[in-house]
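Enquirer: Next up is a structure, given as structure tokens.
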Amino acid sequence: MTQLHNSINMLMHSHTNRIGRAKFGIVSALDYKNGLVKVRLQPDNCETGWICDAAISVGEATIYSPSPVGTHVFVDTAHGDGDNYVVVSRVFDSTTPPQTFTSLNNQPVSVGQFGIKIGNIELCIDKTGIKIISDIEITGNVTVSGDVKASGISLSSHTHSGVKAGTDSTSPPQ
């Protein structure tokens, strides 16, 4: 009877260990073309196979930035299946803390703000508006319903001196 009890306990323990649980991990390999990563699950340091990386949106409107090797991530399983993990999100840690933004007085984004930073390029959105620190290339028409200012000069209210009255006009900008 003791052998039967021990065998049942061993089977139950084996089955329980197969149930997947949410875990933290470190990205160990990246296949950015297919949106896949390998992750070393912590604290065991065992590596997953290729699993889906986290994305904000996929399909026609894709918002995705591949998780670099060494990034700390949070992974979970579908329906507790320990063989099918997926990256749920990336997490800040001591090696990758929140970045600071020049447009936010060298502070990280806070509640009510949204920021994207890649190198020295920044896009910040909050209730006061949108701030972009970057060169911008636009292909297509630009329509503006308000004033446009360049280096503090208003497009709608600036004047030119030395222009003759009547039908004469200034030459195009050089």
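Enquirer: Could you list, in sequence order, all residues of the stretch 100-150 that are under 18 Å from the mean Cα position of the chain (by Cα), in a loop (DSSP other than H, G, I, E, B) and of a type in the set (Val, Ile, Thr)?
Expert: Hits for the stretch 100-150 are Thr100, Val109, Val111.
Enquirer: Right, here's the next one. How many of the residues making up the stretch 92-128 are touching a helix residue (DSSP H, G or I) at 6+ places or on another chain (Cβ under 9 Å) and among the small types (Gly, Ala, Ser)?
Expert: 2
Enquirer: Within the stretch 26-35, can one find any residue that is assigned by TED's automatic domain parsing to the domain that holds Gly82, aliphatic (A, V, I, L, M), in a strand (DSSP E or B) and within 21 Å of Ser94 (Cβ to Cβ)? Even if it seems obvious, please write down each step before you answer.
Expert: Quick first cut of the stretch 26-35, residues assigned by TED's automatic domain parsing to the domain that holds Gly82 only: 26-35.
Narrowing further to those that are aliphatic (A, V, I, L, M): 26-27, 29-30.
Narrowing the set further to residues that are in a strand (DSSP E or B) leaves 26-27, 29-30.
Still in the list and also within 21 Å of Ser94 (Cβ to Cβ): 26-27.
Looking through the stretch 26-35, at least one residue is assigned by TED's automatic domain parsing to the domain that holds Gly82, aliphatic (A, V, I, L, M), in a strand (DSSP E or B) and within 21 Å of Ser94 (Cβ to Cβ).
Enquirer: Only one of (1) modelled with pLDDT of 90 or more; (2) not in a strand (DSSP E or B) is not met by Val73, so which one is it?
Expert: Among (1) modelled with pLDDT of 90 or more; (2) not in a strand (DSSP E or B), Val73 violates only (2).
Enquirer: Something else about it: Which one of these does Tyr32 not meet: (1) modelled with pLDDT under 95; (2) surrounded by 11 or more Cβ atoms within 10 Å (Cβ to Cβ); (3) among the hydroxyl-bearing types (Ser, Thr, Tyr); (4) in contact with a strand residue (DSSP E or B) (Cβ under 7 Å, 6 or more places away or on another chain)?
Expert: Of the numbered conditions (1) modelled with pLDDT under 95; (2) surrounded by 11 or more Cβ atoms within 10 Å (Cβ to Cβ); (3) among the hydroxyl-bearing types (Ser, Thr, Tyr); (4) in contact with a strand residue (DSSP E or B) (Cβ under 7 Å, 6 or more places away or on another chain), the odd one out for Tyr32 is (4).
Enquirer: Name every residue in the stretch 2-29 that is modelled with pLDDT of 85 or more and farther than 14 Å from Asn84 by Cα, in order of residue number.
Expert: Phe24, Gly25, Ile26, Val27, Ser28, Ala29
Enquirer: Considering only the stretch 117-128, I want to know if a residue exists there that is loosely packed, with under 12 Cβ neighbours inside 10 Å, out of contact with any Phe, Trp or Tyr (no Cβ under 8 Å at 6 or more places or on another chain) and within 21 Å of Leu30 (Cβ to Cβ).
Expert: Yes.
Enquirer: If a residue has to be β-branched (Val, Ile, Thr) and surrounded by 10 or more Cβ atoms within 10 Å (Cβ to Cβ) to count, how many in the stretch 129-174 make the cut?
Expert: 5
The values are calculated or read from the model by the stated rules, or taken from the named source; none is laboratory data. Predicted model only: the values in this text are computed from it and were never measured. Note that each Cβ is placed from the backbone with ideal geometry, even for glycine, and that neighbours are counted across all protein chains shown.
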